[in-house]
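Structure first, commentary second.
Quick note: the coordinates plus some simple rules give every number you see, no bench work behind them. Nothing here was measured: the structure is a model prediction, and the numbers come from that model. Backbone-built Cβ (ideal geometry, glycine too); neighbour counts: all protein chains shown.
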Amino acid sequence: MDRHAAKRPNDRALVYISTETDEEKVYSFAELQAEIERMAAIYKSLGVKKSPGCASALPKLKSARRIAAT
């Protein structure tokens, strides 16, 4: 992600389309990188360290899906 965000920050990285609400959100590489960094900071504040044993669930709740959306 870092490489793409540095070379082409305004290009499309992710297109989120809700089949339930017909909402569409396009994330650029720069926006997606910012969301990843925000989520990493949250994990770090919770005490999560580098390891292969951490996973995230992305529920369908609108308020909880901003990374791929919150």
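In what sequence, highest mean first, do 17-23, 29-35, 1-7 appear when ranked by Cβ atoms within 10 angstrom?
Descending mean neighbour count gives 29-35, 1-7, 17-23.
Work out, step by step, the length gained on full extension between A40 and E23: first 0.36 nm times the residue separation, then minus their alpha carbon distance; give nm to one decimal.
Value of the extension gain: 3.5 nm.
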